[in-house]
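Peer 1: One structure follows; several queries about it will come next.
The values are calculated or read from the model by the stated rules, or taken from the named source; none is laboratory data. Because the structure is a prediction, the values reported are computed rather than measured. FYI the Cβ positions are ideal-geometry reconstructions off the backbone, even for glycines, and counts take in every protein chain you see.
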Amino acid sequence: MLRINLARLRQDLEDLGEIGKTPEGGVWRSSFSEADLEARRWYLQRLQDAGLQHWVDAAGNIYGRVGEGSPAVIAGSHIDSVPNGGRFDGALGVMAAFECLRTIKDHGVHTKLPIEAVAFTDEEGRFGGFVGSYALIGQMPYEEVMRRRDLRGVPLAEAMHAVGLDPARIAAARRDPNDIKAYVELHIEQGPILESLNVPIGVVQGIVAGSRTWITFRGRADHAGTTPMSMRQDAFLGAAEFGLRARDMVLTEGSGTTVGTVGVLELKPGASNIVPESAFLTLDLRDISWDVLQRLLERTRLIAHEVAEKWGLEVTVERMRVSEPAQMSPHLQAIIAEAAKELGLKAHWMNSGAGHDAQVMAKIAPAGMIFVPSRQGRSHSPAEHTDWDQIENGANVLLHTLLRLANE
């Protein structure tokens with residue numbers, strides 16, 4: 001039975017993990033940052049060295065391919081990262097897909113349909129997230145590109161121009177749905193379930209809906225020593241109360257599995273002796289139910305305005321991204337499970353609490369995901385780790401899933 005080359009895959013993951021490496025042992029490769037660009041150049045060189053067909057589309061997505069014809073079976077993920085994140089998140093899916101292509105090419109395997117590996121642009125969200133996959137499915141119009149910016153105010157369009165991409169051509173990244181047979185993504189679980197069950201393979205059934213909202217409270221900057229407490233328009237008080245009320249909203253009005261996170265809080269002018277004039281924060285809300293998420297997003301807006309009125313502040317609420325929940329293809333779930341069984345590996349059916357490009361791809365093609373265990377469920381931190389034998393298991397399941405799809 002055909003197997004991937006673990007030593008080669010491990011070397012690639014270790015080499016990629018050196019790009020953007022942090023002192024804590026994590027990686028920091030925000031989309032279109034210098035580290036991200038270095039990783040992209042490195043990966044393109046690896047595709048070239050392997051003798052694979054390869055190209056970059058108008059959104060910056062990187063493709064590799066074996067075989068000819070249409071439709072294509074596509075596998076992949078992303079190589080950008082969160083700040084000081086782990087070295088396997090996203091990277092495993094891209095490097096394993098790449099390794100599958102090399103294995104197929106090295107062994108002279110011919111399939112009825114071509115197989116592609118893709119590394120998507122900005123999955124992690126420097127510019128709102130899923131830029132590359134939304135562009136692929138034709139839902140990243142020029143107007144949306146021009147609207148998006150990062151937390152420092154850098155426009156997505158400016159970042160694209162800086163790397164030689166033309167935002168006005170973003171529509172050229174769209175793929176005809178008839179050109180895609182299926183999309184499969186191998187990923188670390190990023191949670192503790194598989195490890196707790198001692199099961200090596202997760203078969204993903206569904207992916208949660210998610211949103212990112214930016215909220216800014218605006219008050220007035222005043223002297224911290226001479227301005228009476230009763231006469232202040234302290235923007236921080238709005239942010240503080242909003243954070244507590246948002247948590248209470250999730251716990252009392254959510255579905256029971258709803259999660260909410262205030263991950264960024266920035267005060268300006270940002271001096272210890274000045275009453276804050278503005279407070280900027282982000283709220284990440286997720287739930288498997290689209291209706292629940294929509295209801296909570298509306299409640300978020302109302303709470304922000306109620307808090308602002310209480311403290312004499314102005315407020316703006318911006319929805320930077322809302323992604324719908326996605327069901328993975330039952331047919332692909334069955335193929336993944338069968339591939340695992342043939343490799344002698346137990347599988348567990350489960351949902352994903354994290355967002356992935358697969359939920360975007362599911363809008364236009366059958367999509368599936370394979371999970372491998374995360375040690376102690378840790379992810380989005382330097383503590384993220386998956387054992388190499390588990391990585392080998394996942395990559396081999398991916399390989400045989402792709403071969404089955406490409407030969408149907």
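Peer 1: For region 323-351, name all the residues that are farther than 14 Å from L402 by Cα, in contact with a Phe, Trp or Tyr (Cβ under 8 Å, 6 or more places away or on another chain) and not charged (D, E, K, R).
Peer 2: S323, P325, M350
Peer 1: If you don't mind, there's one more thing I want to ask. If you check R29 against the conditions, is it within 23 Å of the chain's Cα centre (by Cα), in a loop (DSSP other than H, G, I, E, B) and in contact (Cβ under 8 Å) with a residue 24 or more places away in the chain?
Peer 2: Judged against the criteria, R29 is a match.
A quick yes/no check of all residues on (1) touching a Leu at 6+ places or on another chain (Cβ under 9 Å); (2) small (G, A, S):
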| residue | (1), (2) |
| --- | --- |
| R149 | yes, no |
| L156 | no, no |
| A168 | no, yes |
| A172 | no, yes |
| E185 | yes, no |
| E195 | no, no |
| M229 | no, no |
| R232 | no, no |
| G238 | yes, yes |
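Peer 1: Do any residues in region 267-288 that are β-branched (V, I, T) have Cβ atoms under 7 Å from those of residues that are in a loop (DSSP other than H, G, I, E, B) and buried (at least 18 other Cβ atoms within 10 Å of the Cβ), where the two are at least six apart or on different chains, and which pairs are they?
Peer 2: Going by the 7 Å Cβ cut-off, the qualifying pairs are V275/R232; V275/D234; I288/V208; I288/P325.
Peer 1: On the basis of being in a helix (DSSP H, G or I) and surrounded by 19 or more Cβ atoms within 10 Å (Cβ to Cβ), does L165 make the cut?
Peer 2: no
Peer 1: Also, I was wondering about something else. Of the conditions (1) under 22 Å from the mean Cα position of the chain (by Cα); (2) farther than 30 Å from A75 by Cα, R286 clears all except one; give me its number.
Peer 2: Condition not satisfied by R286: (2).
Peer 1: Filter region 57-88 for residues that are hydrophobic (A, V, I, L, M, F, W, C) and within 14 Å of the chain's Cα centre (by Cα); which is nearest to E384 (Cα to Cα)?
Peer 2: Here is the first cut: in region 57-88, the residues hydrophobic (A, V, I, L, M, F, W, C) are 58-59, 62, 66, 72-75, 79, 82, 88.
Retained after the next criterion (residues that are within 14 Å of the chain's Cα centre (by Cα)): 79, 82, 88.
Values: I79: 15, V82: 12, F88: 7 Å.
Top of the filtered list is F88.
Peer 1: May I ask you to say which residue of Q139, Q190 is assigned to a loop (DSSP other than H, G, I, E, B) and at positive phi? Steps first, please.
Peer 2: Numbers: Q139 fails: at positive phi.
Matching residue, one of Q139, Q190: Q190.
Peer 1: Only one of G67, G60 is more than 25 Å from L151 (Cβ to Cβ), assigned by TED's automatic domain parsing to the domain that holds N84 and of a type outside the set (D, E, K, R). Can you tell me which?
Peer 2: G67
Peer 1: Then there is this: Looking only at region 261-283, which residues are surrounded by fewer than 18 Cβ atoms within 10 Å (Cβ to Cβ), in a strand (DSSP E or B) and either on the phi > 0 side of the Ramachandran plot or more than 18 Å from the chain's Cα centre (by Cα) (or both)?
Peer 2: L265, E266, K268, I274
Peer 1: Would you check if G90 is assigned by TED's automatic domain parsing to the domain that holds P373, under 24 Å from T22 (Cα atoms) and surrounded by fewer than 24 Cβ atoms within 10 Å (Cβ to Cβ)? Steps first, answer last, please.
Peer 2: Working: assigned by TED's automatic domain parsing to the domain that holds P373: yes; under 24 Å from T22 (Cα atoms): yes; surrounded by fewer than 24 Cβ atoms within 10 Å (Cβ to Cβ): no.
When the stated conditions are applied, G90 does not pass them.
Peer 1: Of everything in region 293-328 that's buried (at least 20 other Cβ atoms within 10 Å of the Cβ) and polar (S, T, N, Q), which residue is nearest to the chain's Cα centre (by Cα)?
Peer 2: S323
Peer 1: Oh, and also: So which residues in region 340-361 are over 13 Å from the mean Cα position of the chain (by Cα), at negative phi, surrounded by fewer than 24 Cβ atoms within 10 Å (Cβ to Cβ) and of a type outside the set (F, W, Y)?
Peer 2: Within region 340-361, K341, E342, L343, L345, K346, A347, H348, M350, N351 meet the criteria.
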